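Below you'll find the structure, written out as structure tokens, and then a few comments.
Just so it is clear, none of the values below were taken in a lab; they were calculated from the coordinates. Every value quoted in this text rests on a predicted model; they were computed, and no experiment measured them. Heads up, the Cβs are rebuilt from the backbone with ideal geometry, glycines too, and the neighbour counts pull from every protein chain shown.
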Amino acid sequence: MIRLILAIPFLALGLFMFFSEVVGFYKFTYVMNRMHAAAMGDTLGIGSILIAVGILTGSLSAALKLVLILVFMFLTGPVVTHLIAGAEVETHKNAGHEYQEVDRR
Amino acid sequence: MFVVLLGLFLIFAGSVTPTNLLMGAVVSGLITLFCAKFMGYSSRGFFKKLSKADEIAVYLAYLLKEIVRENFDVLRFIYRKGQPKPRLVSFHGKVQSEPLRVLVANSITLTPGTYTVRLEGDEYAVHALDEYFQVDIEYSAFFKMARKVEEA
């Protein structure tokens, strides 16, 4: 029961982040902006859910496995983001109309 | 590396029993030997990296804090009226080491509101959801901490 009470705030936060991700996905009109909304679920959303699951299972070995899942997510997420963003910038001829370029080199 | 692999084996195995320890030690030993013989791994390099563990721990703690903070910043843009004003900012990161450049690029991507589109040499192209996120990005603590790790 105590574990459930401890887990509920993290579960609620995770669900709220995933809900907001979907809202943001529909609100933003351009793919590169939508990716910012998607990043919320991949970071705080999944992180909170995994913390909640870790608390609910109450086992150290399960919690360590969940930490590994989070590490795996954090290592692979940026790679996919770079690929999608790079493909959009390289292939969309009018991508420059969707954002302002700032050169500080 | 042997200890890290053995730790991973035990996490996946789920329990620390003599059988698991023995199997883990054999498998981890074989992989460590393979890496040393064919992939240029040296324990000296590993211990050198380990000496920077405190700086890396501070960096990771800061990264986690920033991930949480920027998630809530992006939330504001989702629930307020109107579209954001995105920017694509190009700048020099001034970090010499290649792995640290990639680490900073991935850290920028992990914090919602900004992500790295391109990394060539020390030149970054970062997409920011709004001008709010792109202010002083090249002077952010990620770069300062990466330089500190480099100097250590």
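Mind giving me the nanometre distance, one decimal, between the label points for B:GLN96 and A:GLN100, set 7 Å out from Cα along Cα→Cβ?
It is 3.7 nm.
Would you mind checking which residues have amide H under 5 Å from A:VAL102's amide H? H placed 1.01 Å from N; only 5 or more apart, or other chain.
Residues meeting the amide H criterion: B:LEU88, B:VAL89, B:SER90.
Suppose we keep just the alpha-carbon trace of the range B:38-115; what are its Rg and Dmax in angstrom?
Expressed in Å, the Cα Rg and Dmax of the range B:38-115 come to 17.2, 57.
So, with +1 on the Cβ of K and R and -1 on the Cβ of D and E, and no other charges, what is the size of the charge dipole of the range B:52-151 about its Cα centre, to the nearest 20 debye?
Value, rounded to 20: 420 debye.
Separation of the range B:1-30 and the range A:60-105 by C-alpha centroid, Å?
With the range B:1-30 and the range A:60-105 each reduced to a Cα centre, they are spaced 33 Å.
Would you pull out the residues with amide H under 5 Å of B:ASP130's amide H, same chain only if 5 or more places away, H placed 1.01 Å from N?
Residues meeting the amide H criterion: B:ARG87.
Between A:VAL79 and B:LEU22, what is the FRET efficiency for a Förster distance of 41 Å, r being their Cβ-Cβ separation, to the nearest 0.05?
Efficiency, from the Cβ-Cβ distance: 0.70.
If a/c stays under 1.5 just call it rounded; otherwise compare a/b with b/c (prolate if a/b is bigger, oblate if not). Do that for the protein assembly as shown, with a ≥ b ≥ c from the square roots of the Cα gyration tensor eigenvalues.
The shape class here is oblate.
Ordered by residue, what ³J(HN,Hα) values in Hz, to whole numbers, does the range A:5-13 give under the Karplus form 6.51 cos²θ - 1.76 cosθ + 1.60, where θ = phi - 60° and Gly and Pro are x?
4, 5, 7, 4, x, 5, 4, 5, 4
Given charges of +1 on the Cβ of Lys and Arg and -1 on the Cβ of Asp and Glu, with all other atoms neutral, how large is the dipole of the protein assembly as shown about its Cα centre, in debye to the nearest 20?
Charge dipole of the protein assembly as shown: 460 debye, to the nearest 20.
Per residue of the range B:82-94, in order, report the coupling 6.51 cos²θ - 1.76 cosθ + 1.60 (Karplus, θ = phi - 60°) as ³J(HN,Hα) in whole Hz, putting x for Gly and Pro.
Result, rounded to whole Hz: x, 8, x, 10, x, 9, 10, 9, 10, 7, 8, x, 6.
How many nm separate the modelled label positions at B:TYR139 and B:SER43, each set 7 Å beyond the Cα in the direction of the Cβ?
Rounded to a tenth, the inter-label distance reads 4.6 nm.
Checking a compactness column here: for the range A:34-105, what do you get for Rg(Cα) / (2.2 N^0.38 Å), N being the number of residues?
Taking N as the residue count of the range A:34-105, the ratio is 1.55.
Would you please give the residues with an amide H less than 5 Å from that of B:TYR41, counting only those at least 5 places away or on a separate chain, with H modeled from the backbone geometry?
Amide H to amide H, under 5 Å and 5 or more residues apart or across chains, B:TYR41 pairs with B:ALA36.
Using alpha carbons only, how many degrees (0 to 90, rounded to 10) separate the axis of helix B:53-79 from the longest principal axis of chain B?
40 degrees
Using the Kirkwood radius over C-alpha pairs as Rh, can you work out the diffusion coefficient of chain B via Stokes-Einstein at 20 °C, viscosity 1.002 mPa s, in µm² per second?
Here the translational diffusion coefficient equals 118 µm²/s.
Rounded to a whole number of µm²/s, how large is the Stokes-Einstein D of the range B:2-47 at 37 °C and 0.692 mPa s, given Rh as the Kirkwood radius over C-alpha pairs?
Estimated diffusion coefficient is 297 µm²/s.
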